[in-house]
Number of protein chains: 2
Amino acid sequence: MLAALIRAADFTSAQNLHQRLVEAGERVGLSTVYRTLTALADAGRADVVREPGGERLFRYRPSQEHRHYLLCRICGLGMPVDAEAVEVWAARTAATSGYADVQHTVELTGTCPACAGGDHSS
Amino acid sequence: MLAALIRAADFTSAQNLHQRLVEAGERVGLSTVYRTLTALADAGRADVVREPGGERLFRYRPSQEHRHYLLCRICGLGMPVDAEAVEVWAARTAATSGYADVQHTVELTGTCPACAGGDHSS
DNA sequence: CACGCAATGGTAATGATTTTCATATGTAGT
DNA sequence: ACTACATATGAAAATCATTACCATTGCGTG
């Protein structure tokens, strides 16, 4: 199942992943998918973003570092972005705000070149 | 009902707002609350953030500009932050990414001075 | 082999949001 | 003033992802 998530290589919802596994013949329960995904996220080996609809999307992360992504609103293609500036800004804001233990969530969404310039209308 | 949202002065969930209205004697349906809140958000007169639990929180915004907030994880107190750096970064990232129509979501969460240094343990 | 223990999977419960639909409210036209 | 039509409203039902339960399975140990 970890294999499946890695194979997905992009942001996937628990529902979607489960469905794909079942269709692939894997005998796995929705509960287990959620459990594994949540565990992965807790362990810091998966990134989580929240879809407008409220659904949570997971993506396997081989490395240890904190990442941010730019997701295509049409096809869902996710692209890691360099968020150094945001990290710095977040740290500074945290420091000057008086708030403690500040965490941040940054999500970019757009239309990827393929979908944008694209001919999805033809 | 708009009055109630303004009176709240801080991030409030639709459910919460509705409950408060009903308790205040206002005869209003949950549907209307959602409708109004969504309309406000669409019209750009309300900010929306998403709670970890998946709940949507709304906050009235008098001004027209795009804002970002730092929310206290304990008491929910929201504090507008200067996100100029993020805006710039987002714009630049949008430009270099090849993605079109890039939007961004930035949420900071932390523990506000009152809750942090606080004596919530005594 | 019996026992315990943690992981699993199916199902029911939860909770927020959306949809539906019949009703009330209001407006314009006659 | 009265009817016709559009719009906003509220109650309840439908939806959907996620979580909680619980009986069952698989496995290692005594």
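Given axes a ≥ b ≥ c from the Cα gyration tensor, I'd like to know whether the protein assembly as shown is rounded (a/c under 1.5), prolate (a/b larger than b/c) or oblate. Rounded. Basic side chains Lys and Arg get +1 at the Cβ, acidic Asp and Glu get -1 at the Cβ, and with that the dipole of the stretch B:66-122 about its Cα centre reaches some 80 debye. Between B:GLN19 and A:ALA3, what FRET efficiency follows from the Cβ-Cβ distance if R0 is 45 Å, with the result rounded to 0.05? Once rounded, the FRET efficiency stands at 0.50. Which of rounded, prolate, oblate describes the stretch B:66-122, given a ≥ b ≥ c as roots of the alpha-carbon gyration tensor eigenvalues and a/c under 1.5 marking rounded, otherwise prolate only if a/b is larger than b/c? It is prolate, given that a/c is not under 1.5 and a/b is the larger ratio.
On the beta carbon distance between B:ARG45 and A:VAL28, with R0 = 41 Å, the FRET formula returns roughly 0.35. Taking a Cβ cut-off of under 14 Å around B:SER13, the surrounding Lys, Arg, Asp and Glu residues balance to a net charge of 0, with basic ones at +1 and acidic ones at -1. When the charge dipole of the protein assembly as shown is built from unit charges on Cβ atoms (+1 for Lys and Arg, -1 for Asp and Glu) and taken about the Cα centre, the candidate among A:ALA94, B:GLY78, B:THR36 whose Cα reaches farthest toward its positive end is B:THR36. Using a simple spin-label model with pseudo-atoms 7 Å out from Cα toward Cβ, B:THR38 and B:ASP82 lie 3.8 nm apart. The string of couplings for the stretch B:49-60 from the Karplus curve (6.51, -1.76, 1.60, θ = phi - 60°) is 10, 10, 6, x, x, x, 6, 9, 10, 10, 8, 5 Hz, one whole number per residue in order, with x for Gly and Pro. Of the residues A:GLN103, A:TYR69, B:ALA24, the one whose Cα sits farthest toward the positive end of the charge dipole of the protein assembly as shown, with +1 on the Cβ of Lys and Arg and -1 on the Cβ of Asp and Glu, is B:ALA24.
The same position A:HIS66 in the other copies lies at 2.2 nm from this copy, comparing label points 7 Å beyond Cα toward the beta-carbon, shortest first.
The overall shape of chain A is oblate: from the C-alpha gyration tensor, with semi-axes ordered a ≥ b ≥ c, the ratio a/c is 1.5 or greater and a/b is no larger than b/c.
Fully extending the segment from B:ALA91 to B:GLU65 would add 7.8 nm, taking 0.36 nm per residue of separation and subtracting the current Cα-Cα distance.
For chain A, adding -39500 (n - 2.57) for each run of n ≥ 4 DSSP H residues and dividing by the number of residues yields -11500 deg cm²/dmol at 222 nm.
Every number here is computed from the coordinates shown, using simple stated rules; none is lab data. Everything quoted here is computed from the prediction, not taken from an experiment. Here Cβ is always computed from backbone atoms with ideal geometry, including for glycine, and neighbour counts include all displayed protein chains.
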